[in-house]
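The values are calculated or read from the model by the stated rules, or taken from the named source; none is laboratory data. Because the structure is predicted, anything quoted here is derived from the model rather than measured. Glycine gets a Cβ as well: all are built from the backbone with ideal geometry, and neighbour counts include every protein chain shown. Note: accessible area is taken over every heavy atom of the protein model, side chains too, but ligands, DNA and RNA are not part of it. Shrake-Rupley method; radii C 1.70, N 1.55, O 1.52, S 1.80 Å.
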Amino acid sequence: MDSQQQLDSLFSALADPTRRAILARLTEGEATVGELAAPFDISGPAITKHLKVLEKAGLISRGRQAQWRPARLEPEGLKTIAGWLEHYRRYWDSSFDRLDAYLQQIQKGNPDGSSH
């Protein structure tokens, strides 16, 4: 999967509030399908479908312990998103720095930056 497809998959997976809630729960540690389904009014198979989307996106992995398949958070998927967002954070930081400089010029009575 190329980086654009990976980002599409990640953001698609995160677009659903149930999947985001599942990820939030998994920050506390591994959980079974039953444990993940408990706070929701949806079936086990529906939770399993959500888990498959999260797993395909690389946000979680599922192990095997006897008959259980606990899910766990995979930080690499989140690192991919954080890396993508970093580019935009730098853009916004730069934009805010320019806005701050402009506001300081206005406060000094010099909105165009000239030195007259």
Practice task
Determine, for each peptide in 10-17, 87-94, the mean count of other beta carbons within 10 angstrom over its residues, then list the peptides with the highest first.
Solution key: 10-17, 87-94
Exercise for the section: Go ahead and estimate [θ] at 222 nm for the chain from helices alone: -39,500 (n - 2.57) per DSSP H run with n ≥ 4, summed, over the residue count, rounded to 500. Expected result: -20500 deg cm²/dmol
Practice task
Provide the per residue accessible area, probe 1.4 Å, for region 1-60, rounded to a whole number of square angstrom.
Solution key: 56
Handout entry: Crossing angle, helix 17-26 versus the chain [Cα axis fit, 0-90 degrees, rounded to tens]
Key = 80
Exercise for the section: Just the number, please: carbon plus sulfur as a percent of the accessible area of the chain, 1.4 Å probe, no ligands or DNA/RNA counted. Expected result: 55
Practice task
Pop a pseudo-label 7 angstrom from the Cα along the beta-carbon direction at both TRP92 and GLN67 and give the gap in nm to one decimal.
Solution key: 4.8
Completion exercise
Between ARG69 and residues 5 or more places away or on another chain, the pairs with built amide H atoms under 5 Å apart involve VAL33
Practice task
Scan (i) 0.98; (ii) 1.29; (iii) 1.08 for the value of Rg/Rh (Cα atoms, Kirkwood Rh) calculated from this model and give just the label.
Solution key: (ii)
Exercise for the section: Can you tell me the dipole magnitude for the chain around its Cα centre, using point charges on the Cβ only (Lys, Arg +1; Asp, Glu -1), in Debye to the nearest 20? Expected result: 360
Fill in the blank from the handout: Between the modelled labels at ALA82 and ILE42 (7 Å from Cα along Cα→Cβ) the distance in nm is 2.6
Problem - With Cα atoms, 0 to 90° folded angle of helix 75-107 axis to the chain main axis - result: 20
Exercise for the section: Can you spot the aspartates and glutamates whose alpha carbon is less than 20 Å from LYS56's alpha carbon? Ignore those fewer than 8 places along the same chain. Expected result: ASP2, ASP8, ASP16, GLU30, GLU74, GLU76
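Just order 29-37, 100-108, 55-63 by mean Cβ neighbour count inside 10 Å, highest at the front, would you?
Answer by packing, highest mean first, reads 55-63, 29-37, 100-108.
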Exercise for the section: State, as an integer percentage, the relative contact order of the chain based on alpha-carbon contacts under 8 Å between residues 6 or more apart. Expected result: 22
Problem - Check: region 33-83 dipole with +1 on Lys, Arg Cβ and -1 on Asp, Glu Cβ, in debye - result: 200
